[in-house]
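Q: Next up is a structure, given as structure tokens.
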Amino acid sequence: MNLRWHDRAFAELSSAELYAIVTLRERVFIVEQACAYLDADGIDPVARHVWAQTDAHAIAAYLRIVPAGDKFDEVSLGRIITAPETRGTGLGRTLVRRG
């Protein structure tokens with residue numbers, strides 16, 4: 001699987017990138033994990049967004065990096081996701097290392 005890595009501030013995200021990120025987050029956290037919570041928690045605008053994209057432009061893995069002081073005293077990683085079709089490939093480990 002060929003992947004292209006991205007690392008952007010919220011203001012740098014295109015509308016298509018943001019839509020793809022939110023779609024994967026909803027697909028995994030809300031639908032798959034049945035975790036009913038408000039995903040728009042106010043942290044995205046201050047976070048950095050890191051993801052791997054396939055040749056077909058699908059997001060294979062994603063996380064956000066939250067600056068120190070915005071949620072916790074330390075820098076933190078959040079919303080860590082691998083798309084169901086990429087699980088078991090080691091992509092999650094690679095994603096966290098990049099974060």
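The values are calculated or read from the model by the stated rules, or taken from the named source; none is laboratory data. The model shown is predicted, which means the values in this text are computed figures rather than measured ones. Positions of Cβ are generated from backbone atoms using ideal geometry, with glycine treated the same way; all protein chains shown enter the neighbour counts.
Q: Quick check: anything in region 9-25 modelled with pLDDT under 95 and among the acidic types (Asp, Glu)?
A: No, that holds for no residue.
Q: Do you know which residues across region 32-53 are closer than 17 Å to residue 14 by Cα and not hydrophobic (A, V, I, L, M, F, W, C)?
A: 44, 45, 48, 49, 53
Q: Would it be correct to say that residue 12 is over 18 Å from residue 56 (Cβ atoms), in contact with a Pro (Cβ under 9 Å, 6 or more places away or on another chain), loosely packed, with under 12 Cβ neighbours inside 10 Å and not basic (Lys, Arg)?
A: Answer is no for this residue.
Results for (1) touching a strand residue (DSSP E or B) at 6+ places or on another chain (Cβ under 7 Å); (2) of a type in the set (A, V, I, L, M), shown as yes or no for each residue.
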| site | (1), (2) |
| --- | --- |
| 8 | yes, no |
| 16 | no, yes |
| 37 | no, no |
| 50 | yes, yes |
| 67 | no, no |
| 70 | no, no |
| 77 | yes, yes |
| 82 | yes, no |
| 94 | no, no |
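Q: If you don't mind, there's one more thing I want to ask. From the list 40, 58, exactly one residue is exposed (fewer than 12 other Cβ atoms within 10 Å of the Cβ) and aliphatic (A, V, I, L, M). Which is it?
A: The conditions single out 40.
Q: Could I ask something else about it? Every residue in region 21-46 that is among the polar types (S, T, N, Q) and in a helix (DSSP H, G or I), please. It would help to see each step written out before you state the result.
A: So the first thing to find is which residues in region 21-46 are among the polar types (S, T, N, Q), and the list is 23, 33.
Matches in region 21-46: 23 only.
Q: Could you tell me whether region 66-77 includes any residue that is at pLDDT 95 or above, closer than 16 Å to residue 10 by Cβ, surrounded by fewer than 16 Cβ atoms within 10 Å (Cβ to Cβ) and not hydrophobic (A, V, I, L, M, F, W, C)?
A: Yes: one or more hits.
Q: So, one more: Kindly establish whether residue 50 is touching a residue at least 24 places away in the same chain (Cβ under 8 Å) and either crowded, with 19+ Cβ neighbours inside 10 Å or not in a helix (DSSP H, G or I) (or both).
A: Details: touching a residue at least 24 places away in the same chain (Cβ under 8 Å): yes; either crowded, with 19+ Cβ neighbours inside 10 Å or not in a helix (DSSP H, G or I) (or both): yes.
When the stated conditions are applied, residue 50 passes them.
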